[in-house]
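What follows is a set of notes on a single structure, which appears directly below.
The values are calculated or read from the model by the stated rules, or taken from the named source; none is laboratory data. These numbers were taken from a predicted model, which means no experiment stands behind them. Positions of Cβ are backbone-derived with ideal geometry, glycine not excepted, and every protein chain shown enters the neighbour counts.
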Amino acid sequence: MSLITWASERPDIIMFVWSAQIYPELLMYVGAFYFVYAYLHNAYPNYKTELLIFLMFVPLFLFGHTSLNLVGFNFTDCERNAVEGPLWQYYL
């Protein structure tokens, strides 16, 4: 996905891909947690732990498509980056 954001000249495509990156990153974090937990405990997490993990990521699903995720687009630098909102900066 990063290749699309670096190679594209269209801000609308960059903003869409940048805002969609939050969901694969979520899967990466959850997968890493399961891997480490299973490695340390030789078992999968119990129901309460899985529920806690799910509840921690509910705000990402609820607010991932709002301006809390991305607030704008930076045309002033050569990197053509989206300006990340509080969801990316503080929560993720």
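Screening the candidates I53, I22 for the property of being closer than 21 Å to A7 by Cα, hydrophobic (A, V, I, L, M, F, W, C) and surrounded by 13 or more Cβ atoms within 10 Å (Cβ to Cβ) yields one hit, I22. Just name the residue that is farthest from A7 (Cα to Cα) out of those in segment 67-92 that are β-branched (V, I, T) and surrounded by 12 or more Cβ atoms within 10 Å (Cβ to Cβ). It comes out as V71. Scanning segment 56-66 for residues that are under 14 Å from W18 (Cα atoms) and exposed (fewer than 15 other Cβ atoms within 10 Å of the Cβ) yields H65, T66. Of the listed requirements (1) over 13 Å from the mean Cα position of the chain (by Cα); (2) modelled with pLDDT of 85 or more; (3) of a type in the set (F, W, Y), W6 misses just one: (2).
Just to verify a result, which residue in segment 1-11, among those that are touching a Phe, Trp or Tyr at 6+ places or on another chain (Cβ under 9 Å) and of a type outside the set (V, I, T), is surrounded by the fewest Cβ atoms within 10 Å (Cβ to Cβ)? So, considering only residues that are touching a Phe, Trp or Tyr at 6+ places or on another chain (Cβ under 9 Å) and of a type outside the set (V, I, T), the one surrounded by the fewest Cβ atoms within 10 Å (Cβ to Cβ) is M1. For segment 25-43, a tally of residues being more than 18 Å from the chain's Cα centre (by Cα) and exposed (fewer than 11 other Cβ atoms within 10 Å of the Cβ) returns 7. Taking (1) touching a strand residue (DSSP E or B) at 6+ places or on another chain (Cβ under 9 Å); (2) under 26 Å from E9 (Cβ atoms) in turn, G64 satisfies each apart from (1).
Against the list (1) surrounded by 15 or more Cβ atoms within 10 Å (Cβ to Cβ); (2) at pLDDT 90 or above, the condition I14 fails is (2).
Can you give me the number of residues within segment 30-64 that are closer than 16 Å to Y90 by Cα and in contact with a helix residue (DSSP H, G or I) (Cβ under 8 Å, 6 or more places away or on another chain)? Summing the residues that are closer than 16 Å to Y90 by Cα and in contact with a helix residue (DSSP H, G or I) (Cβ under 8 Å, 6 or more places away or on another chain) in segment 30-64 gives 5.
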